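Structure record follows, encoded as structure tokens.
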Amino acid sequence: MKRSFGVGGVAVLAALVLGGSGCSSKNVEAQPRARTTGDVSQYYPLAVGNRWTYRVNGRDDKPVSVEILKEEDGYFHDSQGGQLAVDAYGLRDPKRYLLRAPVEAGHSWTNVVSVSSTERYRILEAGVRCESPAGTFDNCVQVEGRNRIDEKATLINTQTFAPGVGMVRMQVDVETKDQRVPQTWLELTSWQVRPQGGAGPAREATPAG
């Protein structure tokens, strides 16, 4: 696979496992589409020390952790080589917006990441409940990104964000004319983030066992 895209260091992880066996499951419950109010920054809390642990298929379910190590040149740098920032328009890395306001179902935008690569993003659902091994979260948003690989196939990256937590799931598929083939997925198993503004103890969840 020549192209990959996603959230910070987690995008790097997804690219590493794109050749692995895939599975497909829908972790976002179907609910009436609704607008989600609030700052885009709430969907991916950025502060040094915040960390997330994911289960990645194709890696014998070995957990992989992403921790924000430093803030430099306007971006928060993580342990997997990712860089993220929030500006007046939304959540972004150096090449693309991953989530843009307004956070409402149907909102779409385009990222031109190179001369030959254009990614098209769309919010599929907003204000929905989502589940992962780390817990059940309300008012989540699900975003789909599409990047055409060639004339026959499109890479589809679907990400689910929970407010105050971050990304709880990423699924990567390849779509051809006749079928959509799962490539890999990541799901949140534990997390620890500082509250916005840095006041108070960090919020965290680590499932028992």
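Does residue 18 meet the test of being part of a helix (DSSP H, G or I) and at pLDDT below 55? So residue 18 fails the test.
Looking at 112, 40, 56, 86, which is the one that is farther than 21 Å from residue 137 by Cβ, among the aliphatic types (A, V, I, L, M) and out of contact with any Phe, Trp or Tyr (no Cβ under 7 Å at 6 or more places or on another chain)? Outline the logic, then answer.
Working: 40 fails: farther than 21 Å from residue 137 by Cβ; 56 fails: farther than 21 Å from residue 137 by Cβ; 86 fails: farther than 21 Å from residue 137 by Cβ.
Only one candidate passes the filter, namely 112.
When you look at residue 135, is it closer than 25 Å to residue 62 by Cα and either under 13 Å from the mean Cα position of the chain (by Cα) or among the basic types (Lys, Arg) (or both), yes or no?
The answer is no for residue 135.
Residue selection: residue 87 satisfies the criterion of being modelled with pLDDT under 95, surrounded by fewer than 17 Cβ atoms within 10 Å (Cβ to Cβ) and either under 15 Å from the mean Cα position of the chain (by Cα) or within 17 Å of residue 45 (Cβ to Cβ) (or both).
Take the stretch 73-89 and flag every residue that is free of Cβ contacts under 8 Å to residues at least 12 places away in the same chain and among the small types (Gly, Ala, Ser). Spell out how you get there, then give the answer.
Step one: of the stretch 73-89, the residues free of Cβ contacts under 8 Å to residues at least 12 places away in the same chain are 73-74, 77, 87-88.
Residues satisfying the conditions are 74, 88.
Among all positions in the stretch 114-136, there is no residue which is modelled with pLDDT under 95, aliphatic (A, V, I, L, M) and either crowded, with 19+ Cβ neighbours inside 10 Å or not in a loop (DSSP other than H, G, I, E, B) (or both).
I'm trying to understand the selection: among the residues of the stretch 159-209, which are in a loop (DSSP other than H, G, I, E, B) and at pLDDT 90 or above? Answer for the stretch 159-209, where residues must be in a loop (DSSP other than H, G, I, E, B) and at pLDDT 90 or above: 163, 164, 165, 176, 179. Mind listing just one residue for me: the one in the stretch 137-157 that is of a type in the set (D, E, K, R) and closer than 21 Å to residue 184 by Cβ and, of those, modelled with the lowest pLDDT? Per the criteria, the residue is 150. Evaluating residue 41 against the criteria (1) surrounded by fewer than 14 Cβ atoms within 10 Å (Cβ to Cβ); (2) among the small types (Gly, Ala, Ser); (3) modelled with pLDDT under 95 leaves one unmet condition, (1).
Residue check: is residue 64 touching a residue at least 24 places away in the same chain (Cβ under 8 Å), farther than 29 Å from residue 150 by Cα and part of a strand (DSSP E or B)? Spelling it out, residue 64 is indeed touching a residue at least 24 places away in the same chain (Cβ under 8 Å), farther than 29 Å from residue 150 by Cα and part of a strand (DSSP E or B).
The values are calculated or read from the model by the stated rules, or taken from the named source; none is laboratory data. Nothing here was measured: the structure is a model prediction, and the numbers come from that model. Cβ coordinates were reconstructed from backbone atoms using ideal geometry, including for glycine residues, and neighbour counts include every protein chain displayed.
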